[in-house]
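Student: If you scroll down you'll find the structure; I have some questions about it.
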Amino acid sequence: MRTIALYPGSFDPPTNGHYDIIKRSATLFDKLIVAVAENPAKKYFFSVDERTSMLREIVREYDNIEVDHFDGLLVEYADKIGAVTIIRGLRALSDFEYEFELALMNRHLNANVDTIFMMTDEHYSFIRSSLVREVARLGGDISDKVPPVVEKYLKEKLF
């Protein structure tokens, strides 16, 4: 039986912190689905197609990683793709309370899917997508905070 894990997120844009979690998760599971969230109530900087394209470019060298997108309940999507584990990244202790509540709700909605938390590498613990967008918008150097394809997308969209 192949184990399938799901790493969901907005990825607006994907950062090196996200990529760190993706790379490490790919070594723990037979298959990893990186799933871009579509939430009509939320305003995104990049479209779902742009976020999906960036992620596909970032993970193209991995045979066991697929990139998809979803809307609706995460645990319903997990069931649909056969995932047994949801991966959530943590940057700092401040992320834990929110992520813990989400994990408990997901467990309540579907007891067959577990959530595991992974700490990102300490070099990326302060990086948030919104902060990266703001630094890029102001002309700051983000080359060590995002994969090259993301830097290209940001520059094209901002300038």
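Each value in this text was obtained by applying a stated rule to the coordinates, not by laboratory testing. Bear in mind the structure is a predicted one, so any value in this text is a computation, not a measurement. As a convention, Cβ positions derive from the backbone with ideal geometry for all residues, glycine included, and neighbour counts pool all protein chains shown.
Student: Would you please name the residue that is farthest from the chain's Cα centre (by Cα), looking only at residues in region 57-81 that are surrounded by 16 or more Cβ atoms within 10 Å (Cβ to Cβ) and under 21 Å from Pro148 (Cβ atoms)?
Tutor: Only one residue fits best here, namely Glu57.
Student: Say we look at region 12-52 and pick out the residues that are part of a helix (DSSP H, G or I) and without any contact (Cβ under 8 Å) to a residue 40 or more places away in the chain; which of these is nearest to Lys145 (Cα to Cα)?
Tutor: Within region 12-52, the subset part of a helix (DSSP H, G or I) is 16-26, 48-52.
With without any contact (Cβ under 8 Å) to a residue 40 or more places away in the chain added as a condition, the list becomes 23, 26, 48-49, 52.
Working: Lys23: 16, Ala26: 20, Val48: 21, Asp49: 21, Thr52: 18 Å.
That would be Lys23.
Student: Does Ala103 satisfy the condition of being touching a strand residue (DSSP E or B) at 6+ places or on another chain (Cβ under 8 Å), in contact (Cβ under 8 Å) with a residue 40 or more places away in the chain and either surrounded by 17 or more Cβ atoms within 10 Å (Cβ to Cβ) or part of a helix (DSSP H, G or I) (or both)?
Tutor: It is false that Ala103 is touching a strand residue (DSSP E or B) at 6+ places or on another chain (Cβ under 8 Å), in contact (Cβ under 8 Å) with a residue 40 or more places away in the chain and either surrounded by 17 or more Cβ atoms within 10 Å (Cβ to Cβ) or part of a helix (DSSP H, G or I) (or both).
Student: Which of the residues spanning region 106-131 are hydrophobic (A, V, I, L, M, F, W, C) and surrounded by 12 or more Cβ atoms within 10 Å (Cβ to Cβ)?
Tutor: Initially, region 106-131 is screened for residues hydrophobic (A, V, I, L, M, F, W, C), giving 109, 111, 113, 116-119, 126-127, 131.
Within region 106-131, Leu109, Val113, Ile116, Phe117, Met118, Met119, Phe126, Ile127, Leu131 qualify.
Student: Enumerate the pairs (first residue in region 124-142 and in a helix (DSSP H, G or I); second residue anywhere and exposed (fewer than 14 other Cβ atoms within 10 Å of the Cβ) and among the aliphatic types (A, V, I, L, M)) with beta-carbon separation below 7 Å, excluding pairs fewer than 6 apart on the same chain, so at least 6 apart or on different chains.
Tutor: Pairs that qualify, where the first residue is in a helix (DSSP H, G or I) and the partner is exposed (fewer than 14 other Cβ atoms within 10 Å of the Cβ) and among the aliphatic types (A, V, I, L, M), are Ala136/Leu158; Arg137/Leu158.
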